[in-house]
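This report concerns only the one structure given below.
What follows draws every value from the coordinates through simple rules; no lab data is involved. These figures come from a predicted structure and were not determined experimentally. Heads up, the Cβs are rebuilt from the backbone with ideal geometry, glycines too, and the neighbour counts pull from every protein chain shown.
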Amino acid sequence: MQVSELRCRRCHEVKALEEFDRGFFQKQGYDIFCHDGRSEIARKRKSTRAWQQRKKLERMGQSVDSMPSGSA
Ligand SMILES: [Zn+2]
């Protein structure tokens, strides 16, 4: 089935196929997010990742400072 437009799962707007990346893992052969949605997701993911990394470091630093005694 050939489609010329897709609805973006992020902004819920119907956009031309040029607005979408080819996503071979998707059933319709195109990404489910338009370029705008993609870049926004990438930006968010990046900041989330940085935040997670910081939390991880915090936790590691804490466990070094206060060694749990008794509980394995
Ligand atoms: Zn979109």
Log entry, pairs with first residue in the range 32-61 being closer than 14 Å to ARG10 by Cα, second being part of a helix (DSSP H, G or I), beta carbons closer than 7 Å, six or more apart or on different chains, reads PHE33/ILE41; CYS34/GLU19; HIS35/GLU19
- prompt: Within the bounds of the range 26-34, is there any residue that is of a type in the set (Gly, Ala, Ser) and either part of a helix (DSSP H, G or I) or within 16 Å of the ligand (Cβ to nearest atom) (or both)?
  reply: no
